[in-house]
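In what follows, a structure is listed as structure tokens, so that the remarks can point back to it.
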Number of protein chains: 6
Amino acid sequence: MSREFTHFDESGRARMVNVGEKKSTSRTAIARGAIYMNEETFTKIKNNEMSKGDVLGVAQVAGITGAKKAWDIIPMCHPLFLSGINISFKFCENNCKIEIESTVSIDSKTGVEMEALTAVSTAALTIYDMCKAVDKSMQIGEIRLVKKTGGLSGDVINE
Amino acid sequence: MSREFTHFDESGRARMVNVGEKKSTSRTAIARGAIYMNEETFTKIKNNEMSKGDVLGVAQVAGITGAKKAWDIIPMCHPLFLSGINISFKFCENNCKIEIESTVSIDSKTGVEMEALTAVSTAALTIYDMCKAVDKSMQIGEIRLVKKTGGLSGDVINE
Amino acid sequence: MSREFTHFDESGRARMVNVGEKKSTSRTAIARGAIYMNEETFTKIKNNEMSKGDVLGVAQVAGITGAKKAWDIIPMCHPLFLSGINISFKFCENNCKIEIESTVSIDSKTGVEMEALTAVSTAALTIYDMCKAVDKSMQIGEIRLVKKTGGLSGDVINE
Amino acid sequence: MSREFTHFDESGRARMVNVGEKKSTSRTAIARGAIYMNEETFTKIKNNEMSKGDVLGVAQVAGITGAKKAWDIIPMCHPLFLSGINISFKFCENNCKIEIESTVSIDSKTGVEMEALTAVSTAALTIYDMCKAVDKSMQIGEIRLVKKTGGLSGDVINE
Amino acid sequence: MSREFTHFDESGRARMVNVGEKKSTSRTAIARGAIYMNEETFTKIKNNEMSKGDVLGVAQVAGITGAKKAWDIIPMCHPLFLSGINISFKFCENNCKIEIESTVSIDSKTGVEMEALTAVSTAALTIYDMCKAVDKSMQIGEIRLVKKTGGLSGDVINE
Amino acid sequence: MSREFTHFDESGRARMVNVGEKKSTSRTAIARGAIYMNEETFTKIKNNEMSKGDVLGVAQVAGITGAKKAWDIIPMCHPLFLSGINISFKFCENNCKIEIESTVSIDSKTGVEMEALTAVSTAALTIYDMCKAVDKSMQIGEIRLVKKTGGLSGDVINE
């Protein structure tokens, strides 16, 4: 009756949970996160985006490839055939924050929230990497699952 | 005189910055981050840690291997021979938060803040993955550089 | 009538065998192996396991991630969506040996014995790595398939 | 009516195209490419092939493992369960060229031309690598899709 | 007196050549390659580049990450700490060809021509992947070393 | 005075040991292992080796690439710039065993025994994979360090 961690076997050792019995369904996960920076950096990214030096273009690629590597980065995460990955950015002027949103979809026996979260996290780290020469006090945060549909235990909406 | 993004060439295209001219020095970076969860999950992790079902043990391994993969995850990040990686956790009872700290050291021409930040981010994602069956509203945040020593442009202390 | 190597084409060149025509079935493979060490090391691992310095905890994670990388390590091995991976250890007091057993399951057109064997091999190498400062004469051995079910050519039991 | 790039979302950002709605069919792609070299190198490879020093044997393995890594090398490429991979070589005496052909097959929602092209490209790079000590003016070229069957938009034949 | 393949041991088996005795020097390699396409595709890429849908931006990232993975893709290639990677593109209007040039630099015991060639090859494959929905007859070619400096056997200039 | 596991920090958590203070020296490690099979398989491999279907040729490539991936497979293993890798095989007629020997060399702050052991283990798994259709009772064993030179704690000879 009480929910339990599923990533441990009866002797308490970690395992990759067996999803063989689960039904394959069409699933989607949406995750969000943010990176905070100083005003100078925020403005530079916005300006660069308009010219060709495109911080967010590189972060976009990194987020997509990051989602594909979630199984390699997170030990108990299943290797998956992802159907689609999409990433978008939003500039929040009032607090010099860039918001990152990822949408990952699949037709599978297991959900893709970890892939969506890894996409956001990787995109944020990439923005950090490309701006660290001009700003040494950036912060990445608010990485969370926003929505999850198609799973057997029902949809999850955290918005 | 104004600081510039270094990851773009003169035509505005992204590049991996040439550090060939930089001097090899002994460098260290310390990063920190956190994962927030509900009280049930927080208590379970603490209890599991005392028995053999060890969420943080898996997150520790993931954080270390994550640091080694920063070059693969972050497009403009240099491949590096890391000298040492250490990760520690702190339970913050009052707000059900686990704080993650990584220390990465190297003897090289370039710093290791991205490796330290990737270690923290990967450890947090791994905790998330192992607890998502019991808690669907966790949040990862406050990922930042805390300290950086040995670089040519002087030490950075964000604490 | 005579069984033939399937990993070569008609000109004798290696290939990754085409399994497209095979039927997708639910399959399991169990592999086993062992690592021998001196008494001091054997006792330390056992004691560490009871406290927090957990050699086998790290080996467990390595075994699971190793199974997921079999396709990358073994040239002619198919990339697969593994359903579940489990690893367990047994202390054999009389000869200072730790026995490693892996169980890998999948719903696929091809078996997972290589994944199970790679899991055992990786777990053993990880134990070796973490103990090599105290013991320079360890030996890894007896890596073999113990059981295989669900394949089209019938079950295999080597016990 | 006009065909459009599918790898961009409506805001012009790159994405990994969602193939979730597509039907899973049995698909094959055949790609070809070539490497040109001087006569000395060409003859050495042919001779080595007859003894045990087998440049093409290593290139064969590299081509197969390269196909399996297309998803990791090409940012917008889907991770896939490849059914089979085959590579063959042809010596063209008159212009000291080795022709490389790859055949990749799958049962999936998306085609495998990128896997076939990556196999050819990786095999060619490996031949280059193993011969560069004796020949510094090799050239890789003519990498192209030759045939593609099983896709929803009909077969493609470029021969 | 005659030059020999260095990637084979005395029994004719492949090996990764030992460069331990070689001196560490500052080295650079420049490689070039091209992708041919039909006029429609060529024009679309040029136009997209001016707006935000940036095929070459993604290819640039892929080329840089490809260079970092040369050791993983090419079996006998050494793992290296690359100092810098730069990639540029040139539109050749008269024959609808995009030329790709990579510059890789390092301070090491071995050269980086394979990294430069892999960067070009990966960037070309990425352009192919992103345009294959509109053009099924593209061709990748002319991949070659253009210049190599800093090696112990003297500079190489193929231009 | 008593030797201790070095892969744990003071709180008992695993870490990647800091080797920053160690001196860089020229180091070599030799490892050995074996794979046992039935007589039919043993004879087929020997015969194939004489024709072009070369099981050991593929295993050789796998062993070399395996050594380069030791840092990725073994969690606490340092990423390294390996100088050279060599693998050889010996047919032991009397007990249908193939012996595998690897030699790995480096100029570094840390030894390469794990790389040598991983090379042997990967070569053995590859032989297993390519023969499993004809032999379901093979066994991999006797994987051990044979010799280690150049380390700060003196040479190790286990022969």
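The values are calculated or read from the model by the stated rules, or taken from the named source; none is laboratory data. Fair warning: this is a prediction, and the values are worked out from it, not measured in the lab. Note: ideal-geometry Cβ built from the backbone for every residue, glycine included; neighbour counts use all protein chains shown. Ligands, DNA and RNA are stripped out before the accessible areas are found, and what is left, the full protein with its side chains, is counted by its heavy atoms. Shrake-Rupley method; radii C 1.70, N 1.55, O 1.52, S 1.80 Å.
Within the stretch B:42-58, one or more residues are farther than 26 Å from A:HIS78 by Cβ and touching a residue at least 40 places away in the same chain (Cβ under 8 Å).
Test D:GLU113 against the stated conditions and say whether it is at the interface with another protein chain (Cβ under 7 Å from one of its Cβ atoms), buried (at least 23 other Cβ atoms within 10 Å of the Cβ) and within 18 Å of the chain's Cα centre (by Cα). Taking the combined requirement at face value, the residue satisfies it. In the stretch B:114-139, the residues that are more than 30 Å from B:PHE81 (Cα to Cα) and basic (Lys, Arg) reach residues that are open to solvent by 10 Å² or more (accessible area, probe 1.4 Å) and outside any loop (DSSP other than H, G, I, E, B) with C-beta atoms within less than 8 angstrom, at least six apart or across chains, in these pairs: B:LYS132/A:GLU113; B:LYS136/A:LYS148; B:LYS136/A:VAL156.
Annotation: C:THR6 fulfils all but one of (1) of a type in the set (Ser, Thr, Tyr); (2) out of contact with any Lys or Arg (no Cβ under 7 Å at 6 or more places or on another chain); (3) not in a loop (DSSP other than H, G, I, E, B); the unmet one is (3).
In this structure, is C:THR110 polar (S, T, N, Q) and closer than 24 Å to D:LEU80 by Cβ? I'd like the intermediate steps shown before the answer.
On the way: polar (S, T, N, Q): yes; closer than 24 Å to D:LEU80 by Cβ: yes.
Spelling it out, C:THR110 is indeed polar (S, T, N, Q) and closer than 24 Å to D:LEU80 by Cβ.
Conditions (1) away from chain A (no Cβ under 14 Å); (2) touching a helix residue (DSSP H, G or I) at 6+ places or on another chain (Cβ under 6 Å), marked per residue:
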| position | (1), (2) |
| --- | --- |
| D:SER11 | no, no |
| D:THR41 | yes, yes |
| D:ASN47 | yes, no |
| D:ALA62 | yes, yes |
| D:LYS69 | no, no |
| D:ILE74 | no, yes |
| D:SER88 | yes, no |
| D:GLU93 | yes, no |
| D:LYS109 | no, no |
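Of all residues in the stretch C:70-100, those being open to solvent by 10 Å² or more (accessible area, probe 1.4 Å) and under 19 Å from A:MET16 (Cα atoms) number 8. Taking the stretch E:119-155 as the range and being surrounded by 24 or more Cβ atoms within 10 Å (Cβ to Cβ) and β-branched (Val, Ile, Thr) as the test, the residues that pass are E:VAL120, E:THR122, E:THR126, E:ILE127, E:ILE140, E:ILE143.
Mind counting the residues in the stretch F:129-149 that are within 16 Å of C:VAL156 (Cα to Cα) and in contact with a Lys or Arg (Cβ under 9 Å, 6 or more places away or on another chain)? It would help to see each step written out before you state the result.
Pass one, the stretch F:129-149, residues within 16 Å of C:VAL156 (Cα to Cα): F:129, F:131-139.
Subset that is in contact with a Lys or Arg (Cβ under 9 Å, 6 or more places away or on another chain): F:131, F:133-139.
Residues that pass the stated criteria total 8.
Which one of the conditions (1) β-branched (Val, Ile, Thr); (2) open to solvent by less than 10 Å² (accessible area, probe 1.4 Å); (3) farther than 30 Å from B:THR122 by Cβ does F:THR103 fail to meet, given that it meets all the rest? If we test F:THR103 against (1) β-branched (Val, Ile, Thr); (2) open to solvent by less than 10 Å² (accessible area, probe 1.4 Å); (3) farther than 30 Å from B:THR122 by Cβ, just (2) comes out false.
Contact map, the stretch D:11-26: first residue closer than 18 Å to D:PRO79 by Cβ, second residue of a type in the set (A, V, I, L, M) and open to solvent by less than 80 Å² (accessible area, probe 1.4 Å), Cβ cut-off under 6 Å, separation 6 or more or different chains; pairs are D:ALA14/E:VAL58; D:MET16/A:ILE64; D:MET16/A:ILE85; D:MET16/D:MET76. Within the stretch A:85-135, being under 18 Å from B:MET76 (Cβ atoms) and β-branched (Val, Ile, Thr) holds for A:ILE87, A:ILE98, A:ILE100, A:THR122, A:THR126, A:ILE127, A:VAL134.
In summary, helices (runs of 4 or more DSSP H) completely within the stretch E:50-159 and bearing 3 or more residues that are aliphatic (A, V, I, L, M) occur at E:55-68, E:113-131.
Just to be sure, is C:SER51 touching a Ser or Thr at 6+ places or on another chain (Cβ under 7 Å) and either of a type in the set (A, V, I, L, M) or at pLDDT below 90 (or both)? Spelling it out, it is not the case that C:SER51 is touching a Ser or Thr at 6+ places or on another chain (Cβ under 7 Å) and either of a type in the set (A, V, I, L, M) or at pLDDT below 90 (or both). Taken over the stretch E:76-86, the residue count meeting the criterion of being facing chain B (nearest Cβ under 10 Å) and either touching a His at 6+ places or on another chain (Cβ under 7 Å) or over 20 Å from A:ASP54 (Cβ atoms) (or both) is 5.
Can you give me the number of residues within the stretch E:16-36 that are in contact with a Cys (Cβ under 9 Å, 6 or more places away or on another chain) and open to solvent by 20 Å² or more (accessible area, probe 1.4 Å)? Let's see the steps before the verdict.
At the first step, the residues of the stretch E:16-36 found to be in contact with a Cys (Cβ under 9 Å, 6 or more places away or on another chain) are E:16, E:34-36.
Next cut, open to solvent by 20 Å² or more (accessible area, probe 1.4 Å) only: E:36.
Final tally of qualifying residues: 1.
Would you mind stating whether B:ALA62 is touching a strand residue (DSSP E or B) at 6+ places or on another chain (Cβ under 6 Å), under 26 Å from A:VAL61 (Cα atoms) and in contact (Cβ under 8 Å) with a residue 12 or more places away in the chain?
no
Go through C:LEU82, C:LEU56 for me and flag whichever is at pLDDT below 95, in contact with a Pro (Cβ under 9 Å, 6 or more places away or on another chain) and not acidic (Asp, Glu). Of C:LEU82, C:LEU56, the one residue that is at pLDDT below 95, in contact with a Pro (Cβ under 9 Å, 6 or more places away or on another chain) and not acidic (Asp, Glu) is C:LEU82.
Which of the residues belonging to the stretch F:10-29 are assigned to a strand (DSSP E or B) and within 20 Å of F:LEU152 (Cβ to Cβ)? Residues satisfying the conditions are F:MET16, F:THR25, F:SER26, F:ARG27, F:THR28, F:ALA29.
If you go through the stretch E:65-122 and pick out every residue that is of a type in the set (D, E, K, R) and touching a strand residue (DSSP E or B) at 6+ places or on another chain (Cβ under 7 Å), you end up with 7.
If B:LEU125 satisfies every condition in (1) in contact with an Asp or Glu (Cβ under 9 Å, 6 or more places away or on another chain); (2) more than 13 Å from chain F (Cβ to nearest Cβ) but one, which is the exception? Condition (1) is where B:LEU125 drops out.
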